[in-house]
Amino acid sequence: MKNFLFLLITSIIAQIIGGAAQAEQLSADKIIEMANDASYYVGKDGQASVRMTITDSSGGTRVREFMILRKNLDKKDQKFYIYFKAPADVRKMAYLVWKHAEGDDNRWLWLPALNLKKRIAPGDKRTSFVGSDFFYEDVSGRGTGEDFHELVETDDARYLIKNVPREPDSVEFAYYNVWISKETFLPEKAEYYDKNGRLYRRVEAKKVVTIQGHPTVTESVAVDLDAGTSTMNRFENVKYDIGLKEKIFTERFLRRPPREVTR
């Protein structure tokens, strides 16, 4: 019996040590891939109501409310649909993304006040999303292949990854560091540095809640350190695997929103 217990304990310890060693052996590319999956690919599809609060350098605030829908496709491609409900100046505005794992994404913005459908060029994806401190690229995520990834540091709770753009002239940053949770693989904080090595932008996950078994960011904030402005997104009514139809994510629904976002 003693020999059996000794072997059992030894086996358990070996499994723990082996599991820890395996975790430590993850490459920077693999960690980033897992973080991308945890952030943007949970379930087959998903939806959320978002309350966006934009705070200017004087402390004044503006609030925007919108719905976001997402559907996963084959080969890591995705489609996103965002419909603005309030305030009046952005009501009925819509944003559509066809995200391609390989190649540039397709992005459209519908501006009802101007009766205008605007195509967002690939070079504009790192510009302000509807006047906030988040970028268009933040909505659907940055392609994992667009940067070189280096594991800089690791501790019991997080990985620290340095990311350097493969095409530096296509973005405003020289590099960014991202801290990724070892437990959930959700990015907890990202800090962006300019060509002079100066920190100018920060994005953080402020609150994580488990929804339908999936760790989910329900509060996130982006800060422009130069302008002294910030934007907080609060996500409510988050649902996964709701059976969204792909036809929702088409240009014709920019002008005429589907019932999934208006009900």
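Per-residue Karplus couplings for the stretch 138-143, computed as 6.51 cos²θ - 1.76 cosθ + 1.60 with θ equal to phi - 60°, are listed in order as 5, 5, 10, x, 8, x Hz, Gly and Pro entered as x.
Amide hydrogen proximity for GLY143: with H placed 1.01 Å from N in the peptide plane, no residue at 5 or more positions away or on another chain lies under 5 Å. In order along the stretch 33-45, phi translates into HN-Hα couplings of 4, 5, 5, 5, 4, 5, 7, 10, 10, 5, x, 7, 7 Hz, rounded to whole numbers, per the Karplus curve 6.51 cos²θ - 1.76 cosθ + 1.60 with θ = phi - 60° and x for Gly and Pro.
Take the Kirkwood radius over Cα pairs of the stretch 172-263, plug it into Stokes-Einstein at 10 °C and 1.306 mPa s, and you get 99 µm²/s for translational diffusion. By the helix-only formula, in which each DSSP H run with n ≥ 4 contributes -39500 (n - 2.57) and the sum is divided by residues, the chain has a 222 nm mean residue ellipticity of -5500 deg cm²/dmol. Annotation: amide H-H contacts under 5 Å for PHE134 (H modelled 1.01 Å from N, sequence separation of 5 or more, or interchain): PHE129. Along its three principal directions, the equivalent ellipsoid of the stretch 37-124 from the Cα gyration tensor extends over semi-axes of 25, 17, 13 Å, largest first.
When the Gaussian network model of the chain links Cα atoms closer than 10 Å, the mean-square fluctuations of ALA88, ALA174, ALA101 top out at ALA88.
Spatially, the stretch 172-196 and the stretch 32-101 are offset by 20 Å when compared through their Cα centroids. Using every pair of separate Cα atoms, the Kirkwood estimate puts the hydrodynamic radius of the stretch 10-167 at 18.2 angstrom. Each Lys and Arg contributes +1 and each Asp and Glu -1, all at the Cβ; summed about the Cα centre of the chain, the dipole is approximately 1460 debye. Applying the Kirkwood pairwise sum to the alpha-carbon positions of the stretch 27-262 produces a hydrodynamic radius of 18.4 angstrom.
Taking Cα atoms only, the orientation of helix 2-24 departs from the longest principal axis of the chain by about 40 degrees.
Coordinate-derived values only; no laboratory data. On a predicted model such as this, the values are computed, not experimentally measured, just so you know. Cβ coordinates were reconstructed from backbone atoms using ideal geometry, including for glycine residues, and neighbour counts include every protein chain displayed.
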